[in-house]
Every structure is written in C-alpha cells, then in structure tokens.
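No lab work stands behind these numbers, since they all come straight from the coordinates. Given the structure is predicted, the values throughout are model-derived calculations rather than measurements. A quick note on method: Cβ atoms are made from the backbone with ideal geometry, for glycine too, and the neighbour counts reach across all protein chains shown.
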Amino acid sequence: MGQDLMALGLNLTSVENLYPSFGGPFADSPARPQDIDYNVPPEYLIN
Amino acid sequence: TDIEDPPGFAERTEFLLKDWITIYHTQAAGRDPIKAFSIFVNKMNAYGILKGDEPLTRFFRHATQCCIDLTYRNMTDPGLKTKIFQWIDAYVRLIALLVKHSGESGNSSTKLNLLNKVLGIVVGILLQDQEVHGTAFQQLGYNRIFIMLFLELSAHDPVLENISLSVITAFCHTFHILRPSLAPGFCYSWLELISHRVFIGRILASIPQQKGWSMYSQLLIDLFKYLAPFLRNAELAKPVQHLYKGTLRVLLVLLHDFPEFLCDYHFGFCDVIPPNCIQMRNLILSAYPRNMRLPDPFTPNLKVDMLTDIGGAPRIFTNYAAAITPQSFKKDLDSYLKARSPVTFLSELRSNLQISNEPGSRYNIPLMNALVLYVGTQAIAHIRSKNLGPTMATIVHSAHMDIFQNLAVDLDNEGRYLFLNAIANQLRYPNSHTHYFSCAILYLFVEANSEAIQEQITRVLLERLIVNRPHPWGLLITFIELIKNPQYKFWDHDFVHCAPEIEKLFESVANSCM
Amino acid sequence: PLGPSPLQKEHQIQFQMMEAAYYHLPTPSDSERLRTYLQRQPVPTPQHYPQQQLPHSDTVEFFQRLSPETLFFVFYYMEGTKAQYLAAKALKKQSWRFHTKYMMWFQRHEEPKIINEEFEQGTYIYFDYEKWGQRKKEGFTFEYKYLE
C-alpha cells in the first residue's frame, strides 16, 4: 500500500514552500529556526 | 600525477594547513577574514604553493587527505566530530577564498577551473578511499567538505552571484560522477547533499530560467537507477527502506514546491522507476502546474472535454522520439503511421520490443514508453489536423489505434502490462495527453477481444488506486468513467466479483463517485 | 506480473557498501555550520514533553510573543541562524535598536534631550550581555552611524 506520506514529518498542507526549512531526507521534522544558517548582517556575528 | 612530491612538500602542506586553521579560528579572522586571508596567501606564495598548477594540485591533494585521515583517526569518538569539522570548515573556507579571489574579479574561468580542480581532487580521493576501505569507508569527511564548500560558494556575494550557475553546474557534475551506483558507500550523504535546502533552493528556484532543472533531473535519475534493483522486490532491507523513505521526502518537497519540475521530467523518471514502485510513481504523476485548478474528479457529470486546460500539450523535456531505436524501426513506424504500410510492421512490433526471454525482464521498457508516447502524440496531432479533439469516436480507425490494439492483443501478459503502464503513466493533470490516453485505454477496454485484456486494464488502474495517496487526477477520472459509464459493462465482468474485498473496493469507489 | 528479480553481482556489492554506510549515517548537524554555543544535541526527553516544534514557531509573530530576555538569549546564543534573524526583527518591533559598535541593544527610556542628524542623546535602557540584564543609562549618545 505504500507509505502514509503525511507521516513523513513534512507539513504538506503548508502554504509556504517547504524547501527553506527542509531538514533533509532523513529528518522526520523540519529544520528549526536555530538550525537554519542565515545571512544575518555581519555585525550580528559577535562570537 | 604520479611523479613524487618534492621532498618535504607534504610536511609543508600540513604546516600551512594547521597554520590556516589556527588563523581561521582566532577572533581576528572572524572579524576581518580578508586581511587574515591575504596574509596567508603571501605565506602560501613564499612556500611555492602558488607558483603553478602542479604545486597547487599537490597542495589540495595533501590538504584534503589530511582532513580525511583526521576523520578516520577520530571516527570512534563522536565528540571529536567537532574537531574534524573545525579542520574541514577552515580548509573549505580557504578553498572558497582562493576560488573567489583567483584571477580578475570579472574573469570567472580562472575561478571555475580552480573549483573544478578541487572538486575533482576530492572525488578522486573519495573513490580511491572507497576502493581501499571497502565497507569501512567513512562518508563523514567528504560530506562535510562538499556541503560546506557549497554553502561558502552560495553566500550572498556579488562575485559569487556572478558565477552561481557555473558553481551549481560544477557541483552537479561532481555529484553525477559520485552517483550512488559508483559510490554506494556515499549514497546517504549523496542524497543529503543533492536535497539540501540551500542546494534545492539554488538549483530549482534562484538559478534563472530554470537552467538548473535539467541537471537536477539527471541527479534524480541517477538515484532512481540506483534504487531500481533494490525496489523491484517488495521486501525492502532496512538500508534500502531508509534511502527509499528519504527519496520520498525529497519528492514530496518537490511535489509541494516545484510541481512543474516533476511535470516536465516525469517521462524520464518513469523510464527508470521500477513498474512495481506504484506510490513513488503516483507521487510524480500527481504533480500539476500550480496555476491550474483541478476539478474534483468525483464531480457528477464532469465534462472532461469541456475543461479549459484539457487541450493544452504538456511540456516534456525528454527526447522520447530519439529513444525509438533502431533507426530502421523508427522509419517503419513513421511510414506505418503515415500510410499504414509496411503491413508487416504490426506483426514485427513485438519482436522489436522484446529483448530477452527472461521472465520479468523480457521487454525494453524505455522503448515501450517512448513508442506509446510517440504514437499517442502523433495521434493527437492527426486528430487536431482535422480540427477535432480526442473522443471515443475520433481516436478509432487510425494507424495509431491499429498499433495500440495490436500491442494489446499480440503481447504476452508481461508485455501487455508494460504497455498498459506506459499508457497509464500519461494519465496526469488535465492536458491533451491525459485526455487522449484516457480515451485510448477505455477504447481498448471496450474493444478488447478477450476478458483477460479487460481484467489486466482494470488491474493496472486498480493497483495505482489502492496504494496510499497521492493519486493522479487523470487516473481517477479514467477509472470513474470506466465504472460509471454503462457502455463499458464494467460490473458484468466476473473478475469484478472475483473476491468479496475486491467487489467491496469497487463499490466504495463507485459510491464516492455517485 | 514482473515478479521479483534477483540482484545481480554488482548490486550485491553496492548493497554491502550501502549497508555498511547505513551504520554511519550523516546526521542533520553534519550539514550545518558549527554552533559556537548551542550544538544540536538531540536528547531523548519524556514522551509527554512536546517532541515537535510548536506550529508557526518560525515566524516573527511567534517571536514577538517572547520576552525580551528570551529574544536576547536567541540573538546572542544562536548567531548566524534564522532564529537570530527573527529575534532581531522581533526586538526591533519592540523598538529596540542594535548598536554595532557596542554590539548591544538599546531602547529609548524617554524622549531624547538632544536629537540631530548624527546622533540622539538621553536616557536609555540597554541590555548588558555580560551581566545578562537590562540597565538604565543616563545621558547616552546614540550615534546613528552605529545603528544596524
């Protein structure tokens, strides 16, 4: 019968595109904001 | 090059690499990376690394090997993964800065030659490493090098933006060379890399005019080709199941975000997806353009031929006509379509499609798919030339339908299954192919000279319907027409009542139509 | 009707390599930059704790409902990520402004006494990331060239 594709951890009903927060093929939930590298202004990179 | 390194070269390389790693991780470099880099480039120069192509190649080979050796030395302790990444991230930053600043800012060929050189070196070391280590091969270091180098070269930067298509092309070539059938020990990382959110975003969204789509379709075909032998058998071993589920996730993201990409390349994908991979194929065939509104297939008295989109020819980016070989066969085919001669064409059709007597792999599936699509598109053009659209009346008594009816009658069970699959693969969103092939398969049902053909048509449609969602729109409207329209006498056939659960299933579909 | 098809030799070799790789799978953090402070460390928590992200937790609206201290934590400890970006946006919506020289956030405490093209001067609340708290600063000059 195949898989229940709704249960693979992707929010298929989302209006937004999924790829910007796609956690990867082996992740069962989207990447969280703290996991996603972002081009923040260089001043924010305070180390 | 097998020529020995100059004495001390490897040591100098390791010294420079460690020096750069220190620089990279100090606070100063964080704040002013260019200054730190320019100081270091002078040092590389002083060590003769930049004196020409050969020392630079040797440098990259040794530096890459250093990083990979570190990976193997520290594989046991996951805590040391951070140290491995600190080395690799620094090394990758050096590569990215060298690529970005080599040659004049406008001269992208120097930059790309350097990038392709480095990628080639990493590929070479990976393939050799896989050969040497066998099942002890570790993907970690290579995965990190490729993804961090891609992220570095995808940063928002005018120089890099200028070469973004060439960078993506270089990585696609690299990943194609490292396709899972050549680097099976790297297959999980490979899927991670080609489906990384930044990679997908670049190749499918930000590269203008969809110039990355064709390259990306090639990578997916590499993946399907690798999976095919393992998916041909219903029971999937865990490692296969893991890769397969990962593939489904990637396809779901594509279905959701880039359905037009799946629409355009579905034909090439269906050529390599095993016919028993029903759900994965349905997922691809269910894609439809986002600006299209699909009428509910269960709408009572839905007039398919009245739909605005039904006459549009779908884009197909595979040269399926060229797949019809040998040339003599194509010539006879065209001649038969034109003038229904040579008459022997029909009787020789099966022998052109059959490639072995081995049960389960008797037929040339890509040729079957190409033949069906080619004859169908020729039929649509022929009908259109009479200012008509495909209907049960306009598709009959034609050379095109002669061929389809001959295939339905002349092929054995396996061949006919593949033939009917080739037709069912065209039942997608409202377009002229869906329309024509829906009429064609229903016509073959009603004109069949044996119940076995009718049963097989039902099986081909049913096996696509009983798997979990999604289901292509064209498949649903065809099956609903088959069970609703009394002209097909569907319910009179014994095979419809062959088992209680089958009968119940048909009734449940029928009820949801009424 | 195709039935199963036996794996050819080359596929068996490929399977062995794949199976070996299956025991050294890449993890999501293998594809993410190293985090200075908060590495991704999945820890099994009791099942009754929420295991998935809260819905819409990656939107500015969600971040606007967080307390300033939480936003400052996200800003300073999750640098280079989308979370930092969203926290900065939420702080600005609560009229905090980022000073690029001190790398600190300031908020007017009252109308500035002096205000001109280059700067404004007055009493501010700022967030001190070393002592981790909000403080008042009298007579501070906020030069606009340091406004991010």
Rounded, prolate or oblate (a/c below 1.5 giving rounded, otherwise prolate when a/b exceeds b/c) for chain B by Cα gyration tensor:
prolate
Among B:Ile453, B:Trp473, B:Ile483, whose Cα lies farthest out toward the positive end of the dipole of the stretch B:416-508, if unit charges sit on the beta carbon of Lys, Arg (+1) and Asp, Glu (-1)?
B:Trp473
Would you work out the charge dipole size for chain B about its Cα centre, treating the Cβ of every Lys and Arg as +1 and the Cβ of every Asp and Glu as -1, and quote it to the nearest 20 debye?
1100
Roughly how many Å is it from the Cα centre of the stretch B:143-190 to that of the stretch B:315-367, as a whole number?
39
Spacing of the two label points (7 Å from each Cα toward its C-beta) at C:Gln39 and B:Leu50, in nm:
3.5
Long-range amide H partners of C:Thr81, meaning residues 5 or more apart or on another chain whose placed amide H is closer than 5 Å, are A:Tyr38
Considering Cα pairs under 8 angstrom that are at least six residues apart, work out the relative contact order of chain A and quote it in whole percent.
27
Among C:Glu19, C:Glu32, C:Glu120, which one shows the highest mean-square fluctuation when chain C is modelled as a Gaussian network with alpha-carbon springs under 10 Å?
C:Glu19
Give the Cα extents of the protein assembly as shown along the principal axes, in whole Å, largest first.
93, 70, 51
Go through B:Asn357, B:Thr22, B:Met401 and say which Cα lies farthest out towards the positive end of the charge dipole of chain B; charges sit on Cβ, +1 for Lys and Arg, -1 for Asp and Glu.
B:Thr22
DSSP loop trypsin sites (Lys or Arg not before Pro) in the stretch B:194-271 with at most 13 other Cβ atoms within 10 Å of their Cβ, which ones?
B:Lys211
Summing -39500 (n - 2.57) over the DSSP H runs of n ≥ 4 in chain B and dividing by its residue number, what mean residue ellipticity at 222 nm do you reach, to the nearest 500 deg cm²/dmol?
-21000 deg cm²/dmol
Mean Cα-pair separation over length for the stretch B:196-312, i.e. relative contact order, pairs under 8 Å, 6 or more apart, %
24
Whichever aspartates and glutamates have a C-alpha closer than 15 Å to that of B:Lys238, once near sequence neighbours (fewer than 8 apart) are set aside:
C:Glu19
Excluding A:Gly23 itself, calculate the net charge of residues whose Cβ lies under 14 Å from the Cβ of A:Gly23, where each Lys or Arg counts +1 and each Asp or Glu counts -1.
-1
Cβ-derived FRET efficiency at R0 30 Å, B:Asn485 paired with B:Leu236, nearest 0.05
0.20
For peptide B:238-251, compute the average count of partner chain beta-carbon atoms within 10 Å of each residue's beta-carbon.
5
How would the stretch B:411-514 be classified by its alpha-carbon gyration tensor: rounded, prolate or oblate, with rounded meaning a/c under 1.5 and the a/b versus b/c comparison settling the rest?
rounded
Comparing C:His109, C:His56, C:His11, which has the greatest mean-square fluctuation in the GNM of chain C with Cα pairs linked when under 10 Å apart?
C:His11
Difference of contour (0.36 nm per residue) and Cα-Cα distance, B:Asn276 to B:Glu14:
89.1 nm
For the stretch C:1-109, which trypsin sites (Lys or Arg not before Pro) pass both filters: DSSP loop (anything but H, G, I, E, B) and at most 10 other C-beta atoms within 10 Å?
C:Arg65, C:Lys101
Rough spin-label spacing in nm, given labels placed 7 Å along Cα→Cβ, for B:Asn511 and B:Asn42:
8.4
Report the local net charge at B:Ala321: Lys and Arg +1, Asp and Glu -1, summed over other residues whose C-beta lies under 11 Å from its C-beta.
0
List the lysines whose Cα lies under 21 Å from the Cα of B:Lys35, skipping any in the same chain that are fewer than 8 positions away.
B:Lys18, B:Lys43, B:Lys100, B:Lys111, C:Lys101
Report, to the nearest 10°, how far helix B:140-153 tilts away from the longest principal axis of the Cα atoms in chain B, using its own Cα long axis and a range of 0 to 90°.
90
Among residues other than B:Gln218 whose Cβ falls under 15 Å from its Cβ, what is the net charge (Lys/Arg +1, Asp/Glu -1)?
0
Rounded Å value of the spacing that divides the Cα centres of the stretch B:72-107 and the stretch C:69-114
32
DSSP-loop trypsin sites (Lys or Arg not before Pro) across the stretch B:85-167, with at most 11 other Cβ within 10 angstrom:
none
State the Cα centre-to-centre distance between the stretch B:277-312 and chain A in whole Å.
29
Cα-based helix-to-principal-axis angle, B:413-424 vs chain B, degrees rounded to 10
80
How far is helix B:451-465 tilted off the main Cα axis of chain B, in degrees rounded to 10, range 0 to 90?
40
Using the Cα centre of the protein assembly as shown as origin and beta-carbon charges of +1 (Lys, Arg) and -1 (Asp, Glu), tell me which of C:Tyr146, B:Leu50, B:Leu231 is placed farthest towards the positive end of the dipole.
C:Tyr146
Relative contact order (%) - criterion: Cα under 8 Å, at least six apart; region: chain B:
10
